[in-house]
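Following: one structure in structure tokens, then a few remarks.
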Amino acid sequence: MRFLLDVMCGGLVAYLRMCGHDTVYAGDRDLEADDALLACATAEDRTLVTRDVDLAARADESGSILLESLEVDDQLAELSNAGVDLTLADEPRFCGRCNGRLEAVDRAASSGAVETPEYAPAADETDVWRCRACGQFFWRGSHWERVERTLSRIDADG
């Protein structure tokens, strides 16, 4: 699914991207006015996720999901109840920082393999991905495990 999250739903960005959803955050694009949000959702065929009742009602063409909760865990449960798949992707597809596409870092040590920065594990030791847009590196580490536990709790509470 393709989402546009308004600034009231920013805590969901990483979760949705890690679940393989193409997710744009309004705050990253300086989209604050309702008309700008609606135009973006329509132009990019995105479902608007918002806590704003009036804005959700105006999002006819692309659709919307209206969230009532303030807490991220509760918002995730609302998304799940709305039919959004909150299963972690086997291979991450979208950058948690910019929503760019990720590519696997070559595990081979020869012929131009990308070296990972100091903060990331070596690609020959674990699966690592790099964002094509911003260059950020990703791997399944402690953050991945925390997100997995949170989503498992959401699923169990169903």
Of GLY135, LEU16, LEU151, which is farthest along the charge dipole of the chain in the positive direction, counting Lys and Arg as +1 and Asp and Glu as -1 at C-beta? GLY135
Answer with one residue from LEU4, ALA123, GLY63: the one whose Cα lies farthest towards the positive end of the charge dipole of the chain, charges on Cβ with Lys, Arg +1 and Asp, Glu -1. ALA123
Need one number: convex hull volume per residue for the range 37-110, Cα atoms only, in Å³. 133
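Rg/Rh for the range 1-81: what does it come to with C-alpha atoms and Rh from Kirkwood? Don't skip to the answer; put the middle values down first.
Values: Rg = 11.2 Å, Rh = 12.3 Å.
Ratio of gyration radius to Kirkwood radius for the range 1-81: 0.92.
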Return the Rg/Rh value of the chain, two decimal places, where both radii are evaluated on C-alpha atoms and Rh is the Kirkwood radius. 1.02
Quick check: convex hull over the Cα atoms of the range 102-157, volume per residue in Å³, rounded to an integer? 95
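Loop-only trypsin sites (Lys or Arg not before Pro) in the range 67-151, please: DSSP not H, G, I, E or B, and at most 13 other Cβ atoms within 10 Å.
Values: sites: ARG93, ARG97, ARG101, ARG107, ARG130, ARG132, ARG140, ARG146, ARG149; in loops: ARG93, ARG97, ARG107, ARG132, ARG140.
Filter output for the range 67-151: ARG107, ARG132.
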For ARG2, the residues 5 or more places away or on another chain with a placed amide H closer than 5 Å to its own amide H are THR47
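A short reminder: the numbers here are calculations on the coordinates, not readings from a lab. All values reported here derive from a predicted model rather than from experimental measurement. Methodologically, a virtual Cβ is constructed for each residue, glycine included, from the backbone with ideal geometry; neighbour enumeration extends over all protein chains shown.
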